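Notes follow once the structure below has been shown.
The values are calculated or read from the model by the stated rules, or taken from the named source; none is laboratory data. It should be emphasised that the depicted structure is a prediction, and the values quoted were computed from it without experimental measurement. Counting neighbours? That spans all protein chains shown, and the Cβs are built from the backbone with ideal geometry, glycine included. Surface accessibility is based on the protein's heavy atoms, side chains included, excluding ligands, DNA and RNA. Shrake-Rupley method; radii C 1.70, N 1.55, O 1.52, S 1.80 Å.
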Amino acid sequence: MSEHAFDPATYEARWQAWWEEQGTFRAVEDPTKPKFYGLCMFPYPSGAGLHVGHPESYTAVDIVCRYKRMTGHAVLNPMGWDSFGLPAERAAVREGRHPATITRERIAHFKHQLQRLGFGFDWSREVSTCEVDYYRWTQWLFLVLHERGLAYLEDVPVWWCPAQGTVLANEEVVDGRYVETGDLVERRVMKQWMLRITAYAQRLLEDLDDLDWPEGIKEQQRNWIGRSEGAEVDFPIQGADAHFTVYTTRPDTLFGATYCVLSPEHPLVATLATDAQRAAVEAYVEAAGNKSELERQKAADKEKTGVFTGSFAVNPLTGQPVPVWIADYVLASYGTGAIMAVPAHDERDHAFARAFDLPIVQVISAPEGHDVQAEAWAGAGVMVNSGRFDGLDAAAGKAAVTDQLEAEGTGRRKVNYKLRDWLFSRQRYWGEPFPMVHTADGRVEPVAREALPVELPHVDAFKPTEDGRPPLARATDWLHTTHEGEPALRETNTMPQWAGSCWYYLRYMDPHNTALPFAPEKERYWGPVDLYIGGVEHAVLHLLYARFWHKVFFDAGLVHTKEPFQRLFNQGMILAYAHRDADGKWYGPDEVEQRPGKVRFTPSWGTDEVETDWFAKASGAPVSTFVAKMSKSRLNVVDPLDVVDRHGADALRIYEMFMGPLEQQKPWQTSGVEGVSRFLARVWRLFVDQETGDLRAFGDTSREVRKALHAAIKETTEGIAALKLNTPVSKMMELVNACGGQLPARADAEDFLRILSVYAPHLAEELWHRLGHTTSIAHDTWPSWDEAALVDDTLTIAVQVGGKLRGTIEVPRTASKDEILAAARADANVARFLEGQTIRKEIVVPGRLVNFVV
């Protein structure tokens, strides 16, 4: 290979170093320019490092930011690390090293990978949530929540994992085990820090309407918040001076409430259990306690379980006794932990009533022939069997029944939310210490702001103490402190990993501020984030928590916008082919090959027969080949640096955009990178003589090349705005094809490099400087397209004889009617059908067709 042949290894690292030295991507507040803040969700630095799926969102944000910089914007495109969390702590226990050491090593590896890919991050703004100069301000902001009454301590039932020594979220527990490790978990009541996110439920719901987010994500958040309007209804307990309250969205069905169900955790369960039913009730409560709320919700659609308490309540409208049951599909955390059951008009209640032979009473009209004893009717209708309310529709019935309940003092209107307050403490080491102390007289007091940070102390063991206290209790010198001159103990719980990611986008605006988390003027300039790209897996929790914190900061006067992320986009996952033989053994892509002839086998790990023409190279064993999520255990992880070493960073970047629409899942194929690499090599040869290394001579720009160039400029400009980032690559490839190896005029060649630069910045920078420029192409001006250049000189016109298509002709766009008719008659096939005919009329539709009426 010639020393002047296309070889990204000869220039990519050089330009990366030059960009860093020149501060090419350093963000600067410029009041004369509009701002653009592009952000990709920052990564957790895991032990595995980045795989080729990670750069997809980073590349998309980088393309948009480079484009915005060239269109005259001040651009902020930062990067950092979500670096606290349980995985590093687990690794520390396994390896016998401190999590800080492990985390910093992983960050160094991640950063090396990212820098090799040539992203235009402003590394001077790099943050890491586990560093004291960052979490000092996380603590400061926690105090803002505490001062506003939004952080509080409460005894709550939690999932405790003895093996991991920490509390787990409901979503992390299935079948009484921690989903990541399989460790057994148990229910405990523990004092935990909670954040009152429910105080913001309505605003979190309403403000979604103003966001440019995928509708599916907004709907997930709406469902998680779960607003409903209904009524609270008091059911007196028969024979006792007590009652329980249910929440219902259908007070119009109250006449059909034939039984009630309490959650197993309801405080009245023990009181309601009669002697005859007590043993059964206690056994059921114990069994329910070993299931997570998520499991119980999923099981609600399957087999119904429950136990009769032996007691009855009184329906406040009918005065009739209704049996009181307990069942684990009713959750203590939603509503009041008790429901009224209307089996005639609710499928779940109907299934429960059928399972336990409970009465079913119709109170809403159903279509003729529909038997509510056989199947619930949950559709529209008017009230029936409901006394004076008969004939009212749902809306009128809800209002009228609730009016009567309020008049009688047995109910009231109520807006309810599924959203629960946020359990915000963890019993582990590797997290932010709370800036709180416990005084000798039992008070819990905040640390003074001037005393921050409360630094995470060094400990040598990361498990809880033998008496069950969190790991921070081991740091006895740190634990014992003073408050206002009196002895006190520091809080030993730590914050969850979510804490640092709730506000990191704000710290990027002012990362070196030592007096505040961020200066107000910096936030007013850069906020809000204009484009936020990340995985759909963060649809609810991270985005909801960050929105909550931001709204608190808005109320506290710290930020000037109600929302943190104006536009959100979720990239699709990049998958990879996995290979597995009949015995379940996994093979890497270099260990298998495709051979002629297909064979069938039934794998031990599945039930369906597999047909394949893929085989293990060494053993010849047939393997099942399928697309799956990248995983070290499946041996299908592709390291981006392996791709860069072979094809260069630009090829990786372009291929990830060229694979398909950004939002779709797609499988990784190395052959696709090779195709993109060949395209970049053609661009190189278009500009550079491979024999001499000299720049090729500029030529005249043909009409065809000019059209292809302006089509590419238009497609790239509009594609970036719409985040349709695959189609511009096609147009650039068409442009290179149109050039046919001849460099066009200098101005046009430079316009091509400008649009190429956002996708392939290294190659574009190299060629830009070979053209004699001394400043970065990243700071040049984005080209505009000429619509006139996109218009063809000639038109293709259909020619009909007697209304039937007989040919097509090419004519100049400026051709007159007579010239078009002459060209049509001269077409050999048309002339054959006109021969011997009398032309009675000649019809010309400009730009479209000619029709000879004969």
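Just need the relative contact order of the stretch 792-853 here, percent rounded to a whole number, with Cα pairs under 8 Å and 6+ apart. Numbers along the way, then the final one.
Working: 98 pairs, mean separation 24.8, N = 62.
Averaging sequence separation for qualifying contacts and normalising by length gives 40 percent for the stretch 792-853.
Please give, to one decimal in nm, the separation of the simple spin-label points placed at residue 808 and residue 189, each 7 Å out from Cα toward the Cβ.
A separation of 8.1 nm, rounded to one decimal place.
If you count only protein heavy atoms and use a 1.4 Å probe, how large is the accessible surface of residue 668, to the nearest 10 Å²?
10 Å²
Tell me which of 235, 635, 379 sits at the most positive position along the dipole axis of the chain, charges placed on C-beta atoms (Lys, Arg +1; Asp, Glu -1).
Comparing the listed Cα positions along the dipole, 635 ranks first.
How much FRET efficiency would the formula 1/(1 + (r/R0)^6) give for residue 148 and residue 270, where r is the Cβ-Cβ distance and R0 is 60 Å, rounded to 0.05?
Calculated value: 0.95.
Calculate, in nm to one decimal, what residue 787 and residue 840 gain on full extension: separation in residues at 0.36 nm each, minus their alpha carbon distance.
Contour length minus the Cα-Cα distance gives 15.1 nm.
Per the helix-only calculation at 222 nm, which mean residue ellipticity applies to the chain, given -39500 (n - 2.57) for every DSSP H run of n ≥ 4 and division by its residues, nearest 500 deg cm²/dmol? Spell out each step's value before the answer.
Values: 26 runs with 277 residues, N = 854.
Dividing the helical sum by the residues of the chain leaves -9500 deg cm²/dmol.
Give the residues of the stretch 689-721 whose amide nitrogen is closer than 13 Å to a point set 7 Å from the Cα of residue 794 in the direction of its Cβ.
704
Rounding to the nearest 20 debye, state how big the charge dipole of the chain is about its Cα centre with +1 on each Lys and Arg Cβ and -1 on each Asp and Glu Cβ.
1320 debye
Determine the sum of side-chain charges near residue 371: Lys and Arg each +1, Asp and Glu each -1, restricted to other residues whose C-beta is under 15 angstrom from that of residue 371.
For residues surrounding residue 371, the net value is -2.
Pop out the carbon and sulfur fraction of the accessible area of the stretch 396-449 as a percent, whole number, probe 1.4 Å.
51 percent
Which residue, 569, 168, 655, has the largest displacement toward the positive end of the dipole of the chain when charges sit on each Cβ (Lys, Arg +1; Asp, Glu -1)?
Value computed over the given set: 655.
Order 537, 656, most accessible first, counting only protein heavy atoms with a 1.4 angstrom probe.
Largest accessible area first, the residues go 537, 656.
Near residue 629, which lysines are there with a Cα under 24 Å away, not counting those fewer than 8 places off in the same chain?
111, 585, 617, 666, 724
So how far apart, in nm, are the two label points at residue 298 and residue 108 if each is 7 Å from Cα heading toward Cβ?
Those two pseudo-labels are separated by 4.1 nm.
Rg(Cα) of the stretch 792-853 divided by 2.2 N^0.38 Å?
Taking the Cα Rg and dividing by 2.2 N^0.38 Å, one obtains 1.02.
Taking the Cβ-Cβ separation of residue 774 and residue 573 as r and a Förster radius of 35 Å, what is the calculated FRET efficiency to the nearest 0.05?
According to the calculation, E is roughly 0.25.
With unit charges on the beta carbon (Lys/Arg positive, Asp/Glu negative), name the residue among 614, 701, 151 whose Cα is farthest towards the positive pole of the charge dipole of the chain.
Farthest towards the positive pole: 701.
Step through the table entries 291/551; 298/632; 291/414; 218/562, compare each Cα-Cα distance with 25 Å, and write down the pairs that go over it.
Over 25 Å Cα-Cα: 291/551; 298/632; 291/414.
Put a dot 7 Å past each Cα toward the Cβ at residue 698 and residue 243; how far apart are the dots in nm?
8.8 nm
Can you work out the Karplus-derived ³J(HN,Hα) for every residue in the stretch 324-333? Use 6.51 cos²θ - 1.76 cosθ + 1.60 with θ = phi - 60°, whole Hz, and x for glycine or proline.
10, 10, 10, 8, 7, 7, 8, 9, 5, 7
Sort 460, 421, 650 by heavy-atom solvent-accessible area, probe 1.4 angstrom, most to least.
Final ranking, largest accessible area leading: 460, 421, 650.
Write down the accessible area per residue of the chain in Å², having rolled a 1.4 Å probe over the full set of protein chains.
Dividing the accessible area of the chain by its residue count gives 44 Å².
Whenever you get a sec, compute what percent of the accessible area on the stretch 673-791 sits on carbon and sulfur atoms (1.4 Å probe).
Of the solvent-accessible surface of the stretch 673-791, carbon and sulfur hold 47 percent.
How much solvent-accessible surface does residue 505 expose, in Å² to the nearest 10, with a 1.4 Å probe and all protein chains in place?
Solvent-accessible area, nearest 10 Å²: 0 Å².
How do 770, 634 rank by accessible surface area computed with a 1.4 Å probe, from largest to smallest?
Ranked list, largest accessible area first: 770, 634.
Roughly how compact is the stretch 498-608, stated as its Cα Rg over 2.2 N^0.38 Å to two decimals? Numbers along the way, then the final one.
Details: Rg = 23.9 Å, N = 111, 2.2 N^0.38 = 13.2 Å.
So the stretch 498-608 has a normalised radius of gyration of 1.81.
Let me spell out the model: positive unit charges on the Cβ of Lys and Arg, negative unit charges on the Cβ of Asp and Glu, origin at the Cα centre of the stretch 173-239. What dipole size does that give, in debye rounded to 20?
Taking the Cα centre of the stretch 173-239 as origin, the dipole is about 480 debye.
In square nanometres, what is the average projected area of the Cα convex hull of the stretch 670-789?
Mean projected area of the Cα convex hull: 7.7 nm².
Over every pair of different alpha-carbon atoms in the chain, take the mean of 1/r and invert it; report that Kirkwood radius in Å. Before the final figure, lay out the partial values.
On the way: mean 1/r = 0.0307 Å⁻¹.
The answer is 32.6 Å.
Compute, for the stretch 574-647, the length of the dipole vector about the Cα centre, with Cβ point charges of +1 (Lys, Arg) and -1 (Asp, Glu) only. Units Debye, rounded to 20.
It works out to roughly 80 debye.
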